[in-house]
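Heads up: the structure comes next, in structure tokens.
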């Protein structure tokens with residue numbers, strides 16, 4: 001276990017950057033290209049891919065932000081999807097898209113041509129590729145715990161990471177881990193989840209060297225596994241939970257935020273960036289940066305949420321003054 005103090009080794013730093021280009025917004029000269037962007041990935045050649053849930057598609061831009069093509073389209077046939085929930089780009093610039101409505105993964109080549117698809121057994125909140133082009137899926141399943149009362153019961157989601165080849169074969173299972181604990185309320189013939197969106201959850205990611213990082217964010221501790229699922233070490237830091245200002249006494253939910261957001265990412269040096277939770281009145285975003293060895297290097301203050309860092313550039317989805325969503329590329333200085 002690599003234990004770090006509450007303060008980072010190199011202190012707290014403000015992100016230094018310069019905007020290079022922007023796509024989206026009311027005055028975008030390329031037109032209305034982005035509706036409701038949800039996630040961003042960057043290929044090895046600098047091409048940028050955006051999952052747009054508003055238009056149910058993935059759009060590709062070159063390294064200068066010029067629109068290149070749309071990948072896939074709505075439908076049930078080859079290269080089509082109904083609900084693209086998550087995606088990733090491989091080291092060969094192939095695109096893998098998970099269709100949550102059909103429990104299906106479609107693989108596209110770097111030019112957007114569909115290569116093959118395969119079905120999975122359960123819903124996946126996240127898919128990632130490793131340094132050998134293999135696909136990892138975060139499979140979610142549920143099991144009921146004891147009832148909390150005549151009205152409520154607790155359901156525990158379990159997360160299992162499946163490492164497959166590019167065609168979904170030869171799965172290696174890592175886990176299971178606690179996915180999330182949900183409080184469910186009976187309502188008529190069905191049930192609704194009444195859990196907090198800030199309930200602890202297990203986040204995971206794949207480092208550039210193929211190692212897999214997994215952390216249940218109720219506490220600040222992350223486990224590092226080798227590509228074959230063998231645990232190597234753990235790391236974390238001391239932390240004091242941030243109070244959730246939206247929490248009301250006696251309501252369902254958590255008075256404190258978890259230790260970190262589950263959607264962490266890695267920079268060019270293999271450092272892991274963990275986004276900290278913040279209240280709505282906090283303008284800036286905070287990121288804890290850890291080395292591949294688990295050393296707490298620095299805390300970064302940024303005025304926007306960072307989705308990826310590649311080739312010395314940060315990619316963000318921001319809201320414009322007019323209320324539109326825009327994709328922006330910033331050069332780090």
Does residue 128 satisfy being exposed (fewer than 14 other Cβ atoms within 10 Å of the Cβ) and in contact with a strand residue (DSSP E or B) (Cβ under 9 Å, 6 or more places away or on another chain)? no
Residue match in the stretch 176-193 (condition: closer than 22 Å to residue 299 by Cβ and either surrounded by 15 or more Cβ atoms within 10 Å (Cβ to Cβ) or at pLDDT 95 or above (or both)): no
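Can you pull out the residues in the stretch 277-292 that are exposed (fewer than 12 other Cβ atoms within 10 Å of the Cβ), touching a residue at least 24 places away in the same chain (Cβ under 8 Å) and more than 21 Å from residue 201 (Cβ to Cβ)? Spell out the reasoning first.
The initial filter retains those residues of the stretch 277-292 that are exposed (fewer than 12 other Cβ atoms within 10 Å of the Cβ), namely 279-281, 283.
Still in the list and also touching a residue at least 24 places away in the same chain (Cβ under 8 Å): 279-281.
281, the sole residue that qualifies.
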I'd like to check something: does the stretch 76-87 contain any residue that is buried (at least 21 other Cβ atoms within 10 Å of the Cβ) and either in contact with a helix residue (DSSP H, G or I) (Cβ under 7 Å, 6 or more places away or on another chain) or within 23 Å of residue 332 (Cβ to Cβ) (or both)? no
Of all residues in the stretch 119-130, count the ones that are part of a strand (DSSP E or B) and either farther than 14 Å from residue 81 by Cα or at pLDDT 95 or above (or both). 6
Inspect the stretch 229-236 for any residue being under 17 Å from residue 201 (Cβ atoms), in contact with a strand residue (DSSP E or B) (Cβ under 9 Å, 6 or more places away or on another chain), surrounded by 15 or more Cβ atoms within 10 Å (Cβ to Cβ) and touching a residue at least 40 places away in the same chain (Cβ under 8 Å) and give the result as yes or no. yes
Before we move on, is residue 241 under 22 Å from residue 155 (Cβ atoms), free of Cβ contacts under 8 Å to residues at least 24 places away in the same chain and more than 19 Å from the chain's Cα centre (by Cα)? no
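Going by what's in this entry, would residue 274 be described as in a loop (DSSP other than H, G, I, E, B), within 16 Å of the chain's Cα centre (by Cα) and in contact (Cβ under 8 Å) with a residue 12 or more places away in the chain?
no
Go through the stretch 20-70 and tell me which strands (runs of 3 or more DSSP E), entirely inside it, have 1 or more residues that are touching a residue at least 12 places away in the same chain (Cβ under 8 Å) and farther than 21 Å from residue 98 by Cβ. Give the derivation first.
Working: elements: 37-42, 48-52, 57-61.
Per the criteria, 57-61.
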If we scan the stretch 140-154, do we find a residue that is assigned to a strand (DSSP E or B), under 19 Å from the mean Cα position of the chain (by Cα) and at pLDDT below 95? yes
From the options 99, 130, residue that is in contact (Cβ under 8 Å) with a residue 40 or more places away in the chain and within 19 Å of the chain's Cα centre (by Cα): 130
Kindly provide the set of residues from the stretch 153-175 that are surrounded by fewer than 19 Cβ atoms within 10 Å (Cβ to Cβ) and within 13 Å of residue 228 (Cβ to Cβ), ordered by number. 170, 171, 172, 173
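The values are calculated or read from the model by the stated rules, or taken from the named source; none is laboratory data. Please read all numbers here as calculations on a predicted model, not as lab measurements. We place every Cβ from the backbone using ideal geometry, glycine too, and count neighbours over all the protein chains shown.
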